[in-house]
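The values are calculated or read from the model by the stated rules, or taken from the named source; none is laboratory data. Bear in mind the structure is a predicted one, so any value in this text is a computation, not a measurement. Using ideal geometry, Cβ is built from the backbone for each residue, glycine included, and neighbour counts are taken over all protein chains shown.
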Amino acid sequence: MCRFAPFLLVAFLVAPAVLAADGPEPEIERETAPPQAIGAAHTLRQIPEACARIEGVFTGEAEPPYRFSVLQASPGCQPRARLVNADEVRPDPADGWLLNDVVRIPSAACPSQQAVARIWRKPATASLQTDAQGRARIYLDEARAQAEAGQVPQPELYAAQLRVEGEGCD
């Protein structure tokens, strides 16, 4: 028997636990975005269901090094989901939240620093049933009765956790 066998066995058993410690895998696999220049506004992620676009810009300052903003995607858009602040709702997989996407955008002026957007998704509490024609229909009387009974289905939720990671450059 090889004298390294016990070490290989331990490494084999521990490696999946170490990889899982990073957290859940996102639903969307994405490469790191191209580096962005200081002052150049860019879109981190669009969430069409929430009619939202998350935009960011590297400021070149020590505090804050990066500025995020959430903008309406288009004036006529009717949202089918809500975008909420992840720091307020604290998405947790045990509560039904799914890690949807991780967007990484490095700074062109400071390669060790990157903006990171973690987008979480919580599916709607009830999906709309379709009729024989394949259309989801909401009838006013039924919706009113459900609302009065406190049975209003929650829409799909998206939570955006926006951070700057890495060392700053002087």
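When Ile54, Ile47, Ile38 are screened for being touching a Lys or Arg at 6+ places or on another chain (Cβ under 7 Å) and at pLDDT 90 or above, only Ile54 passes. Put simply, of Ala124, Ala94, Ala108 the only residue that is surrounded by fewer than 16 Cβ atoms within 10 Å (Cβ to Cβ), modelled with pLDDT of 90 or more and more than 21 Å from Val164 (Cα to Cα) is Ala94. Listed conditions (1) closer than 30 Å to Pro111 by Cβ; (2) among the hydroxyl-bearing types (Ser, Thr, Tyr); (3) free of Cβ contacts under 8 Å to residues at least 24 places away in the same chain are all met by Tyr139, apart from (1).
Restricting attention to the range 63-100 and to residues that are of a type in the set (Ser, Thr, Tyr) and part of a strand (DSSP E or B), the residue that is farthest from the chain's Cα centre (by Cα) turns out to be Tyr66. Does the range 62-74 contain at least one residue that is at pLDDT below 90 and among the hydroxyl-bearing types (Ser, Thr, Tyr)? There is at least one residue in the range 62-74 that is at pLDDT below 90 and among the hydroxyl-bearing types (Ser, Thr, Tyr).
Residues that are aromatic (Phe, Trp, Tyr) and surrounded by 10 or more Cβ atoms within 10 Å (Cβ to Cβ) are absent from the range 137-145.
Within the range 142-170, being assigned to a loop (DSSP other than H, G, I, E, B), of a type in the set (Asp, Glu) and touching a residue at least 24 places away in the same chain (Cβ under 8 Å) holds for one residue alone: Glu167. Residue by residue through the range 43-62, note down the ones that are touching a residue at least 24 places away in the same chain (Cβ under 8 Å), in a strand (DSSP E or B) and surrounded by 16 or more Cβ atoms within 10 Å (Cβ to Cβ). Correct list: Leu44, Arg45, Ile47, Ala52, Ile54, Gly56, Phe58.
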